[in-house]
Amino acid sequence: MREIRKIIIHCTDSQWGNVEIIDRWHKERGWEGIGYHYLILNSYPTYSSLKDRRPEPENDGLIEEGRDLEKIGAHCRGHNLDSIGIALVGVNTFSKAQIYNLQQLIKVLLKQFHLSINNVYGHYEFDNRKSCPNLDMEWFREMLNF
């Protein structure tokens, strides 16, 4: 197993999507597949569900597995080797279910890899040209303590 030292949170910068779709997008960019290890869905897994305003509430907060944890991610330049990438589907507004399940997933990963909340980052903390995941990471890390 790879040595994991960081968990890096992202947003997809799209209002819809699922692992299959994002895997296709990333392959179109020349990557071997989805760069994130986990994806947390909102209520719009497909473009047609968003366009037709047909939310699928059963998908809200659903955690999908992306790239295998054994494989190095493709989500944060210079930090992929020792990190896990988790992306929230959305731009800058996320549902309660997404945030709750993100917290639960991270708590499991922190325990599994013997990490602390100080090992949890937002993408923007490594690249000041980005705002991703559009979460206040100080607030989010505090929320992990509860």
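We did not get these values from a lab; they are worked out from the coordinates using the rules stated. The shown structure was predicted, so the numbers you read here are calculated from the model rather than taken from an experiment. As a convention, Cβ positions derive from the backbone with ideal geometry for all residues, glycine included, and neighbour counts pool all protein chains shown.
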Among Lys6/Lys111; Lys51/Lys96; Lys27/Lys130, the pairs whose Cα-Cα distance exceeds 18 Å are Lys51/Lys96; Lys27/Lys130
To the nearest 20 debye, the stretch 64-146 has a Cα-centred charge dipole, built from +1 on Lys and Arg Cβ and -1 on Asp and Glu Cβ, of 60
Counted neighbours (other Cβ, 10 Å), sorted fewest up, put Thr46, Thr12, Thr93 in the order Thr93, Thr46, Thr12
In order over the stretch 81-93: 3J(HN,Hα) from phi, Karplus 6.51/-1.76/1.60, θ = phi - 60°, whole Hz, x for each Gly or Pro, gives 4, 10, 10, 10, x, 10, 10, 8, 6, x, 10, 9, 10
Relative contact order in percent for the stretch 6-144 (Cα pairs under 8 Å, 6+ apart) equals 32
The size of the Cβ-based charge dipole (Lys, Arg +1; Asp, Glu -1) of the chain about the Cα centre, to the nearest 20 debye, is 200
Listed residues Ser116, Ser83, Ser49; largest mean-square fluctuation, Gaussian network over the chain with Cα springs below 10 Å, found at Ser49
Applied in sequence order to the stretch 45-55, the curve 6.51 cos²θ - 1.76 cosθ + 1.60 (Karplus, θ = phi - 60°) yields integer Hz couplings, x standing for Gly and Pro, of x, 10, 4, 5, 5, 6, 4, 8, 6, 10, x
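Mind pulling the per residue volume of the convex hull built on the Cα atoms of the chain? Å³ is fine.
Working: hull volume 15.6 nm³, N = 146.
In the chain, the Cα hull volume divided by residue count equals 107 Å³.
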In nanometres, the difference between 0.36 nm per residue of separation and the alpha-carbon distance of His114 and Ile72 is 13.2 nm
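Considering only DSSP states other than H, G, I, E and B, which trypsin sites (Lys or Arg not before Pro) in the stretch 12-96 qualify as loop sites with at most 15 other Cβ atoms within 10 Å?
Details: sites: Arg24, Lys27, Arg29, Lys51, Arg53, Arg67, Lys71, Arg77, Lys96; in loops: Arg29, Arg53, Arg67, Lys71, Arg77.
The qualifying sites are Arg29, Arg53, Lys71, Arg77.
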Taking placed amide H atoms and a strict 5 Å upper bound, the residues 5 or more places from Ala87 or on another chain that come that close are His10, Tyr38, Leu39, Ile40
Loop-resident GluC sites (Glu not before Pro) in the stretch 1-55 with no more than 13 other Cβ atoms inside 10 Å, DSSP not H/G/I/E/B, are Glu3, Glu32
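I need the calculated FRET efficiency for the pair Glu125 and Asp52, taking r as the beta carbon distance and R₀ as 41 Å, to the nearest 0.05. The partial results should precede the final answer.
Details: r = 37 Å, r/R0 = 0.89.
Once rounded, the FRET efficiency stands at 0.65.
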Charge tally for neighbours of Lys71 with beta carbon under 15 Å away, counting Lys, Arg as +1 and Asp, Glu as -1, is -4
